[in-house]
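Participant: Below: one structure in structure tokens.
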Amino acid sequence: MEKRWWQEAVVYQIYCKSFCDSNGDGIGDIRGVISKLPMIKDLGVDCIWFNPLYKSPMVDNGYDISDYEDIEPAYGTMDDFKELLDKAHSMGIRVIMDLVLNHTSDEHKWFKESRKSKDNPYRNFYYWRPAKPDGKEPNNWGNYFYEGRGSAWEFDEQTGEYYLHNYSYRMPDLNWEYEPLREAMYKMMRFWLDMGIDGFRLDAVNRLKKPEGLPDSQKPPTPPVGIHGYVVDRTICANVPGIHELLREIARNTWDNYDVMTVGETGQVTADMAPDFVGADNHELNMIFHFELGKNAKIITPKIYKETQKRWFTVTEHNGWEAQFLSNHDTPRQVSRFGNDGEYRVESAKLLATLTHTFPGTPFVYQGEEIGMTNVYFDSIDDYDERYTVGKYYTAVEAGADPEETLKMLQPLSRDNVRTPYQWNDSENAGFTTGKPWIKVNPRYKEINLEADLKSKDSIFEYYKKIIKMRKNCPAMVDGKLDFYMFDHESMLVYTRSCARQTLLIIANYSDNPVKIEIPEELKSKNFTRILSNREETSPSLLKEREEWLPWETEIYELTTN
């Protein structure tokens, strides 16, 4: 079957605010991205995914949109964006936009109109409800941000009613039951598609449908005690009956009419549910981000990694498609979380790249992982910006927790770990800006930066180039069936990707220790030739000669007939 372009693509995610600042105001911008397009082209990726660039008061780093059809002035102008789009396309790089359909900013013109009166034409663009007879909120839902106000309902004195906000009170939820709202959203999406963008990453897209009647949750929010004390029922608005009919309607009116890519962020979606969202015959989404690896708060062991990949491969077998990623704008740095950011930083960065690019699906690379950027570990809470980190810190401290211990617990999982500026070189501010950066640069930039990496004989960037190029030339990496060997081994990943034209064998020691294994005879007896290694100078090139695998060593072999 002929593949669509997005099945063969490698996507590079850009968090514009932290990528490259062209004017010295300390904030990354579109013109900064334009200046770095040659680097992105050199890496070999096919597509850029931008976090939201729309006009926004930045309560939630751009996910609170105040104008869907304009660019945030801190990032540039619409002309800047059109220039970027044209230049990227001329270099063979596609561009997809991050789009928030669940809510807007409270500064959006629709909401400003909506709150003026109960009979305003825009009133039903949002969820407005009166208080219960006892004077309490319309239901017991909690919002995800807390902000000192745990309810998902905010009272508005002008009309004496509450509006719904599953996230910040500055981000009211849109009412997708209301046809005029749907038509306005379809028109907006076609605005961008007609401009020539190549698709959307759709934020929280399985939460657009709310349960009929907005009933109370069986799990009301817990009191905010300690770091993890405030717990909200995130399932109440996830995967509500009718969501698939709604997504198909959205697709019919927008992206189904264009040759574009759609990837949905879908918390609370499991592998057995995924084909309903991404099955080719369903006409909803092309692929989804699940939270079982990259956005899972648990420690991911080799066993969990293998089990997850095996479970999600069933999506491909059901005529769907997967997205492969280990980091994005909401997660810690992957080499710090899943690898070893000390002695084996380079080796583990390459091993993680190997896994992302050789398991089934479209690989997503987050800016900085291609040079092995690490977590930051700021000394003071004052240096953190991300609202979950700061909010949890003060909630815990106010409840009596030790400030130093609280910060220590929050540091490893803070989203600010991936939002520090890109490290271009070892000059002041890592070459990100000539001004004061909006958030501090990771102190390790003197050691870890693109310029230094490219001078190294063990360059992570060059390894990424090799494996991205390999994916374009190895049909099994795109089309291949997934089969595991030695599945129960505690640290080794051994698997093949095989199609009619090619068989690849991937072996990885996911640990800090050397491991001796006996390669299964059915593999050892065949003619496998090594085509990529992250330790070429230290290991034998023939599979049959291998006895020991060094810490974080990974190799890719191709089956030959000779």
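Participant: Which whole-number percent gives the relative contact order of the stretch 106-262, counting Cα pairs below 8 Å spaced six or more residues apart? Kindly include the intermediate steps, with their values, before the conclusion.
Facilitator: Details: 227 pairs, mean separation 32.0, N = 157.
Dividing the mean separation by the residue count of the stretch 106-262 yields 20 percent.
Participant: Points 7 angstrom from Cα along the Cβ direction at residue 399 and residue 118: gap in nanometres?
Facilitator: 3.9 nm
Participant: Tell me the angle of helix 345-358 to the major Cα principal axis of the chain, expressed in degrees between 0 and 90 and rounded to the nearest ten.
Facilitator: 80 degrees
Participant: Continuing with the same structure: Can you pull the one-decimal nm distance between simple spin-label points at residue 390 and residue 132, each 7 Å off the Cα toward Cβ?
Facilitator: Those two pseudo-labels are separated by 3.3 nm.
Participant: Same structure again: For percent of Cα pairs over 35 Å apart, the listed values are [x] 54; [y] 38; [z] 46; which was obtained by calculation from the structure presented?
Facilitator: [y]
Participant: Oh, and also: Measure up 112/210; 87/466; 457/524; 310/481; 350/472; 136/219 against 20 Å on the Cα-Cα distance and list the ones that go over. If you can, show how the numbers build up before the last one.
Facilitator: Details: 112/210 22 Å; 87/466 24 Å; 457/524 30 Å; 310/481 11 Å; 350/472 18 Å; 136/219 17 Å.
Table pairs above 20 Å Cα-Cα are 112/210; 87/466; 457/524.
Participant: Compute the angle between helix 78-90 and the longest alpha-carbon principal axis of the chain, please, reported from 0 to 90 degrees and rounded to the nearest 10.
Facilitator: With rounding to tens, the tilt is 20 degrees.
Participant: Hey, another quick one. Kirkwood hydrodynamic radius for the stretch 127-245: how many Å is it when counted over pairs of different Cα atoms?
Facilitator: Numbers: mean 1/r = 0.0625 Å⁻¹.
Computed over Cα pairs of the stretch 127-245, the Kirkwood hydrodynamic radius comes out at 16.0 Å.
Participant: Between residue 155 and residue 502, what FRET efficiency follows from the Cβ-Cβ distance if R0 is 45 Å, with the result rounded to 0.05?
Facilitator: Working: r = 62 Å, r/R0 = 1.38.
Efficiency for this residue pair is about 0.15.
Participant: Then there's this: Taking the stretch 480-559, how much of its Cα-Cα pair set, in percent, is spaced more than 17 angstrom apart? Mind dumping the intermediate values first?
Facilitator: Working: 1281 of 3160 pairs.
Taking all Cα-Cα pairs of the stretch 480-559, the fraction more than 17 Å apart is 41 percent.
Participant: Please identify every one of the GluC sites (Glu not before Pro) in the stretch 504-556 that sits in a loop by DSSP and has no more than 12 other beta carbons within 10 Å of its own beta carbon.
Facilitator: Working: sites: 518, 521, 522, 536, 537, 545, 547, 548, 553, 555; in loops: 518, 536, 537, 547, 553.
Here the sparse-neighbourhood loop sites are 518, 536, 537, 547.
Participant: For the stretch 494-509, take each phi angle, set θ = phi - 60°, evaluate the Karplus expression 6.51 cos²θ - 1.76 cosθ + 1.60, and give the result in whole Hz per residue in order, putting x for glycine and proline.
Facilitator: Karplus values, whole Hz, x for Gly and Pro: 10, 8, 10, 10, 9, 9, 4, 9, 6, 10, 10, 10, 10, 10, 9, 9.
Participant: Determine which aspartates and glutamates satisfy two conditions relative to residue 544: a Cα distance under 18 Å, and not lying fewer than 8 residues away in the same chain.
Facilitator: Here the aspartates and glutamates satisfying the reach criterion relative to residue 544 are 518, 521, 522, 536, 553, 555, 558.
Participant: Hey, another quick one. Can you figure out the FRET efficiency of residue 310 with residue 425, using R₀ = 30 Å and their beta-carbon distance, to the nearest 0.05?
Facilitator: Numbers: r = 42 Å, r/R0 = 1.38.
Between residue 310 and residue 425 the formula returns 0.10.
Participant: Under 15 Å from the Cα of residue 408, which aspartates and glutamates turn up, not counting those fewer than eight places away in the same chain?
Facilitator: 379, 382, 383, 416
Participant: Give me log10 I(q)/I(0) at q = 0.17 Å⁻¹ for the stretch 65-190, Debye formula, one equal scatterer per alpha-carbon, no solvent.
Facilitator: Evaluating at q = 0.17 Å⁻¹ gives log10 I(q)/I(0) of -0.92.
Participant: Give me the percent relative contact order of the chain, please, defined on Cα pairs under 8 angstrom at least 6 residues apart. Before the final figure, lay out the partial values.
Facilitator: Details: 1140 pairs, mean separation 71.2, N = 562.
Relative CO of the chain lands at 13 percent.
Participant: Further, regarding this structure: So which trypsin sites (Lys or Arg not before Pro) in the stretch 419-519 pass both tests, a DSSP loop state and at most 11 other Cβ atoms within 10 Å of the Cβ?
Facilitator: Those satisfying the criteria are 457, 501.
Participant: Turning to a different aspect of this structure: Return a whole-number percent for the relative contact order of the stretch 480-559, with Cα pairs under 8 Å and 6 or more residues apart as the contact set. All intermediate terms of the calculation are to be shown ahead of the outcome.
Facilitator: Values: 153 pairs, mean separation 26.1, N = 80.
Relative contact order comes out at 33 percent.
Participant: What's the angle, to the nearest 10 degrees (0 to 90), between helix 243-253's Cα axis and the longest principal axis of the chain?
Facilitator: The answer is roughly 90 degrees.
Participant: Now a separate question. Please give the contour-minus-distance gain from residue 454 to residue 256: 0.36 nm per residue of separation, less the Cα-Cα distance, rounded to one decimal in nm. Don't jump to the answer; show the numbers that get you there.
Facilitator: Values: separation 198, 0.36 × 198 = 71.28 nm, distance 4.11 nm.
Length difference between fully extended and current span is 67.2 nm.
Participant: When the Karplus curve 6.51 cos²θ - 1.76 cosθ + 1.60 is applied with θ = phi - 60°, which whole-Hz ³J(HN,Hα) does each residue of the stretch 450-463 get, with x for Gly and Pro?
Facilitator: So the J values, rounded to whole Hz, are 4, 4, 5, 4, 5, 7, 7, 5, 9, 3, 5, 4, 5, 5.
Participant: How large is the helix-only mean residue ellipticity at 222 nm for the chain, computed as the sum of -39500 (n - 2.57) over DSSP H runs with n ≥ 4, divided by its residue count, in deg cm²/dmol to the nearest 500? Walk me through the numbers before you get to the answer.
Facilitator: On the way: 17 runs with 152 residues, N = 562.
Rounded to the nearest 500, the figure is -7500 deg cm²/dmol.
Participant: Under the rule a/c < 1.5 gives rounded, and otherwise a/b versus b/c splits prolate from oblate, where does the stretch 214-349 land using the Cα gyration tensor?
Facilitator: On the way: a/c = 2.13, a/b = 1.20, b/c = 1.78.
In terms of gyration-tensor shape, oblate.
Participant: How long is the gain from residue 240 to residue 522 if the chain were fully straight, where each residue apart is worth 0.36 nm and the alpha carbon distance is subtracted? The partial results should precede the final answer.
Facilitator: On the way: separation 282, 0.36 × 282 = 101.52 nm, distance 4.69 nm.
Net length gain for the segment: 96.8 nm.
Participant: For residue 323, list long-range residues whose amide hydrogen, built 1.01 Å from N in the peptide plane, is under 5 Å from its own amide hydrogen.
Facilitator: 288, 362
Participant: Here's a follow-up. Go through the stretch 517-522 residue by residue and turn each phi into a ³J(HN,Hα) via Karplus (6.51, -1.76, 1.60, θ = phi - 60°); whole Hz please, and just put x for glycine and proline.
Facilitator: Using θ = phi - 60°, the values come out as 9, 9, 4, x, 4, 5 Hz.
Participant: Within 10 Å of each candidate Cβ there may be at most 15 other Cβ atoms; applying that plus a DSSP loop requirement, which trypsin sites (Lys or Arg not before Pro) in the stretch 100-166 survive?
Facilitator: On the way: sites: 109, 112, 115, 116, 118, 123, 136, 149; in loops: 115, 116, 118, 136, 149.
Within the stretch 100-166, the qualifying trypsin sites (Lys or Arg not before Pro) (loop, at most 15 other Cβ atoms within 10 Å) are 116, 118, 136, 149.
We did not get these values from a lab; they are worked out from the coordinates using the rules stated. Predicted model only: the values in this text are computed from it and were never measured. We place every Cβ from the backbone using ideal geometry, glycine too, and count neighbours over all the protein chains shown.
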